[in-house]
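J.: A single structure is presented below for examination.
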Amino acid sequence: MLEIKGLEKKFGSLHVLKGLDLEIPLGQITVIIGGSGTGKSVLLKHIVGLIKPDRGQVLLDKRDLNQLGGEALKRERMRFGLLFQDAALFDSMSVFENIAFPLREHRSDLAEAEVVELVKRKLLQVKLPGIEEKYPSELSGGMRKRVGLARATVLDPEIMLYDEPTTGLDPITTKAIDELIVQTQQDLDATSVIISHDIQSTLRIANRIAMLHDGKIVASGSPREFLESEHKVVRDFLTPALERIEINGS
Amino acid sequence: MITAIARSWQLVLSFVSELGSFLTLFYEALVACFRPPFRWKQFLKQLEFIGVHSSFIIILTGLFTGAVLALQSGKAFRLFNAEAVTGSVVALSLMRELSPVMTGLMVAARCGSAMAAEIGTMNVTQQVDALKVMSVDPVSYLISPRVLATTIMMPLLSIVFTVTGMIGSYIVAIGILGINDAIYFDKIDQYVEMQDVWDGLIKATCFGVIVAVVGCQRGFQARGGAEGVGRATTQAVVYASVSILVSDYFLTAFMY
Ligand SMILES: Nc1ncnc2c1ncn2[C@@H]1O[C@H](COP(=O)(O)OP(=O)(O)OP(=O)(O)O)[C@@H](O)[C@H]1O
Ligand SMILES: [Mg+2]
C-alpha cells in the first residue's frame, strides 16, 4: 500500500495541497483526475520525493519516504518510474542514449547488444521504431512523451507514475499507450498511478479513480462508483466528457 | 538609519548563506569523487572542454599579456637603466599573479558560464529531477566531473599562459627593446625561484575550484525559465571573477 497522509504544500502564498489523504493499492491502476493547476503534478512529485511536503507523509510499506536520505532514498526510488508531464528528456543525448541511460546506470550486467535490443523493443512498444539516432529537439511533443514513457519503463519499475501519458496524442496512439499501460501493469503486477484528463480512457483502464480538487482528494472509488457519484465537483467534471456529442454545423 | 542597518544585516546574512551553499556543494562534489561509480566519460569530456578547447584563447591572451608587460616594464626600467631585469620582472608577475588570475578569469568567462547555462537549463527543464528519479545523484553525475576537471586543468592552463607570456615578453624585450638575450635569461635565472612557480600553481588550483563550484552552484539554483538561466550564467561569471580577485589577495598575503 502506498499511503499519502495529510500532505500539505505551499509555494509562497499559493496553498496547493491542503492536507491531502490518498491510499493507492499496489498492483492496480489508480487514475488521478482534477482540474488544470490543482496540483496533480505536484502530488506526483511528492510521491517520488522530488518535492518535500510542508506537512504530511508519503508512506510506502509503512515507511516515510521523506525521512529517508541519501542511499536509502536512492534505493527506494529504484522502485519507481516517473513519466514527467513534459517528458524531461536529456536534450544533449539521442533517443537511444536517453532510453539506454537507466540501463547503463543500473544494469551494468547487460551487454551492449542486449541494451540495443531492449531499447529497440521499447521504441516498438511506444510505436516509434527506428528513431534511435534522433535528438529530443527533433521530435514532436507526442513523440517526446512516448520516448519518456519508454525511458521511464525500461527498468520495469514496481510503481509507475505517469503524468498525462496520452495528452496530445491522436486517438489511435492514445489507445495503444493505454493498452501498453494495462499490459505493463498485468505483466509485471506493477502499480500504476496515472494523471489523466481523458475521461474516456480513464474509465476504460482505471481500477480506481481519485479526484483532486482544492488541495484535497474529494472523491475516490471504482469507475462505476465514480459514474454514479452524486458529488457535485465530480458531476461537474464528468458531465462535459460524457454528454452526447453535438456536431458543429448541421 | 534602522532600515539601513537592517538592510546591510540582510546582505551579510544572504552572503553567509550563499557562501555556505558554495562550500556545501564543494564538499558534496568532493565526497562524490571518491564514491563509485566514477564518471570517466563525463570527466574526460570536461577535461577536453575546459583544457583543450580553452588553450587557444589562453595562448592568445598569454602572448599579448607577456608582450605588453615587457613593453611597459622595459620602458619604465629604462628610465633608471635597469631594463636588464625586465625578463625576471615579467616572469615573476606572470607566475605569481597574472597567469593564475587571467587564466581564472578567462576560464570563468568561457567555462564557468557554460556550466551555469548547461546545468541551469537541465534544472529548469526538469532534467535534473529526471536524474534524481532515476536514482542518479546529480552531484556525482554533473558536478564532480566538472569540479575535478577544472581543478586539474586550471594550473596546466596557467602554465601555458606563463610560457606563452614569456615568449611574448622575449619577442618584445629582445626584438623591440633591444635587451641582450643572455642577460635577459641570466636575470630570470637569478631572481625566479621554484617557490614562485609553486605559489602560482596553488593559486590556479584554488581558482579552478572557485570557477567550477560557482558555475555549477549557480546553475543548480537557476529558477524560472530562460531568464533564470541567463541570470545564473551572468552571476556565475561575476561571482567567480570577484571571488578570484578577492581570494587572490588573501592567498598572496598568506603566501608571504
Ligand atoms: N516549483 C513550483 N514553484 C511554485 N509553484 C509551483 C511549482 N510547481 C507547481 N506550482 C504551482 O502549483 C500549482 C499546481 O501545479 P501542478 O503542476 O501540480 O498542476 P496540475 O494539476 O498538474 O495541472 P495540469 O493539469 O495543468 O498539469 C500551480 O498553480 C503551479 O503554479
Ligand atoms: Mg500537471
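The values are calculated or read from the model by the stated rules, or taken from the named source; none is laboratory data. Keep in mind the model is a prediction, meaning the values are calculated, not measured. Neighbour counts are summed over all protein chains in view; Cβ atoms, including those assigned to glycine, are modelled from backbone coordinates with ideal geometry. The area values use the complete protein model at the heavy-atom level, side chains included, leaving out ligands, DNA and RNA. Shrake-Rupley method; radii C 1.70, N 1.55, O 1.52, S 1.80 Å.
J.: Between region B:67-96 and region B:220-252, what is the separation of their alpha carbon centroids in Å?
T.: Region B:67-96 and region B:220-252 have Cα centres spaced 33 Å from each other.
J.: How many percent of all Cα-Cα pairs in chain B sit more than 26 Å apart?
T.: Across chain B, Cα pairs with separations above 26 Å total 47 percent.
J.: Under unit Cβ charges (Lys, Arg +1; Asp, Glu -1), what dipole magnitude, rounded to 20 debye, does chain B have relative to its Cα centre?
T.: The dipole of chain B has a size of about 640 debye.
J.: Placing +1 at every Lys and Arg Cβ and -1 at every Asp and Glu Cβ, with all other atoms neutral, what dipole size does the protein assembly as shown have around its Cα centre, in debye to the nearest 20?
T.: Details: 49 positive and 53 negative charges, 129 e Å.
In total the dipole reaches around 620 debye.
J.: Between chains A and B, what is the buried accessible area summed over both chains (1.4 Å probe, protein heavy atoms, nearest 100 Å²)?
T.: On the way: alone 12900 and 13390 Å², together 24690 Å².
Chains A and B together bury approximately 1600 Å².
J.: Heavy-atom accessible area per residue, the protein assembly as shown, 1.4 Å probe: how many Å²?
T.: Here the per-residue accessible area is 49 Å².
J.: As a test question: what accessible area, to the nearest 10 Å², does residue A:38 have when a 1.4 Å probe is rolled over all protein chains in place?
T.: 30
J.: Taking the Cα centre of the protein assembly as shown as the origin and placing charges on Cβ (Lys, Arg +1; Asp, Glu -1), which of B:210, B:178, B:235 is farthest toward the positive end of the dipole?
T.: So the residue we want is B:235.
J.: What pairs in A:45/A:232; A:74/A:120; A:40/A:127; A:62/A:122; A:45/B:45; A:52/A:216 have C-alpha atoms more than 22 Å from each other?
T.: Numbers: A:45/A:232 28 Å; A:74/A:120 27 Å; A:40/A:127 27 Å; A:62/A:122 33 Å; A:45/B:45 32 Å; A:52/A:216 17 Å.
Distance filter (> 22 Å) returns A:45/A:232; A:74/A:120; A:40/A:127; A:62/A:122; A:45/B:45.
J.: Moving to a separate point now. Compute the angle between helix B:194-221 and the longest alpha-carbon principal axis of chain B, please, reported from 0 to 90 degrees and rounded to the nearest 10.
T.: Taking Cα atoms only, the helix is inclined about 30 degrees.
J.: First compute the accessible area of region B:204-256 with a 1.4 Å probe, then give the percent of it belonging to carbon and sulfur atoms. Before the final figure, lay out the partial values.
T.: Details: 1760 of 2520 Å².
The C+S portion of the solvent-accessible surface of region B:204-256 is 70 percent.
J.: Leaving ligands and nucleic acids out of the surface, order A:11, A:90, B:56, B:220 by accessible area at 1.4 Å, largest first.
T.: B:56, A:11, B:220, A:90
J.: Got a sec? Charge dipole of region B:40-255, +1 on Cβ for Lys and Arg, -1 for Asp and Glu; which of B:255, B:148, B:66 is way out at the positive end?
T.: Going by the Cα projections, it comes out as B:148.
J.: Work out the length of the dipole vector of region B:164-256 about its Cα centre, built from +1 on the beta-carbon of each Lys and Arg and -1 on the beta-carbon of each Asp and Glu, and round it to the nearest 20 debye.
T.: Values: 5 positive and 8 negative charges, 134 e Å.
So the magnitude is around 640 debye.
J.: List the aspartates and glutamates whose Cα sits under 13 Å from the Cα of residue B:187, skipping any in the same chain fewer than 8 residues away.
T.: B:83
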